[in-house]
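Accompanying notes for the structure given below.
Computed from the coordinates by the stated procedures, all read-outs in this text should not be read as laboratory data. Everything quoted here is computed from the prediction, not taken from an experiment. Glycine also receives a Cβ, built like all others from the backbone with ideal geometry; neighbour counts cover every protein chain displayed.
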Amino acid sequence: MKRYKFKNLNIVYTEKEDGNMKDKKIRENFLKKIGLKYIYIPKQEHTNIVAPFVNMSAPADGLYTDLKKVPIGVLTADCMAIVITDFKSLVVLHAGWRGLFSGIIENGLKYFKEKSSLFAYISPSIRDCCFEVDQNFIERLEEYSIDKKFLIEKNGKYYFSLQDLALEKLKRNGVSEVVDENICSKCGNNGNIFSYRNGDIDERILTLAYLE
Ligand SMILES: [Zn+2]
């Protein structure tokens, strides 16, 4: 588990050794350990929907709150968790390539009027060292008008940088400060992060955030 504080923003992400956060019991025990009573996690389905945390019945891949001390989070194994805040309200996004391409960052940013004072954080996630993509994926880039500069060729194979695309989207929309954890879920952190591409099909880490 790693814990950060940026002003009044708290961010926690779990590691493999904390257990599978998809498991409700394990998750509840973990929350208790770090002094939290509950957490709101959306019904994640790789959508581009960002909903207020009070509306939890429909699928969404991002949550918004303007309440203090209300932890919101997402479960990931290779996808990015992205936290965006103006330190008065807060958005947490689950962003794999589908969400990223279809505008989940832009939808998250709609909750903030003044974008120049925003701070964003990108969790451990699969990076261009390991995120190999196929021809099918490359065709999607055109479909969604995604710049091919995020595609890297190594030894006849293609890799894609989700984080660089996320960074560009955040900066283009005026976010002034982005902290990228810079840990690859597949090959980094001594293997202590769940990775779908490493065979962790049902296991997930949890990235959560709350304001004080
Ligand atoms: Zn890697």
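With 0.36 nm allotted per residue and the present C-alpha distance subtracted, the Glu28-Asp66 stretch has 11.3 nm of extension available. With neighbours defined as other Cβ atoms within 10 Å of a residue's Cβ, the residues Lys43, Lys113, Lys32 order from fewest to most as Lys113, Lys32, Lys43. Here the sum of -39500 (n - 2.57) over DSSP H runs of 4 or more residues, divided by the residues of the chain, equals -5000 deg cm²/dmol at 222 nm, to the nearest 500. The overall shape of the chain, judged from the alpha-carbon gyration tensor, is oblate: a/c is not under 1.5, and a/b is no greater than b/c. Aspartates and glutamates within cross-link reach of Lys88: Cα-Cα under 20 Å, excluding same-chain residues under 8 positions apart? Hits, sequence-local ones excluded: Asp66, Glu106, Glu114, Glu177, Glu212.
When each of the peptides 134-141, 103-110 is scored by the mean number of other C-beta atoms lying within 10 Å of its residues, the order from highest to lowest reads 103-110, 134-141. For segment 68-155, the Cβ-based charge dipole about the Cα centre amounts to some 620 debye (Lys, Arg positive; Asp, Glu negative; other atoms uncharged). Taken about its Cα centre, the chain carries a charge dipole of roughly 800 debye when the Cβ of each Lys and Arg holds +1 and the Cβ of each Asp and Glu holds -1. In this structure, the pairs whose alpha-carbon distance is over 18 Å, taken from Lys24/Lys186; Lys115/Lys171; Lys16/Lys43; Lys5/Lys171, are Lys24/Lys186; Lys16/Lys43; Lys5/Lys171.
Applying 1/(1 + (r/R0)^6) with r as the Cβ-Cβ distance of Glu153 and Lys110 and R0 = 25 angstrom yields a FRET efficiency of 0.10. Dividing the mean sequence gap of close Cα pairs (under 8 Å, 6+ apart) by how many residues the chain holds gives a relative contact order of 28 percent.
Classify segment 75-173 as rounded, prolate or oblate, taking a ≥ b ≥ c as the square roots of the eigenvalues of its Cα gyration tensor: rounded when a/c is under 1.5, otherwise prolate if a/b is larger than b/c and oblate if not. It is prolate, given that a/c is not under 1.5 and a/b is the larger ratio. Rounded to the nearest 20, the size of the Cβ-charge dipole of segment 1-112 about its Cα centre is 520 debye, with Lys and Arg at +1 and Asp and Glu at -1. Mean separation of Cα pairs under 8 Å and 6 or more residues apart, divided by the residue count, gives segment 1-85 a relative contact order of 19 percent. If the segment from Glu143 to Ser102 were pulled out straight at 0.36 nm per residue, it would be longer than the present Cα-Cα gap by 13.7 nm.
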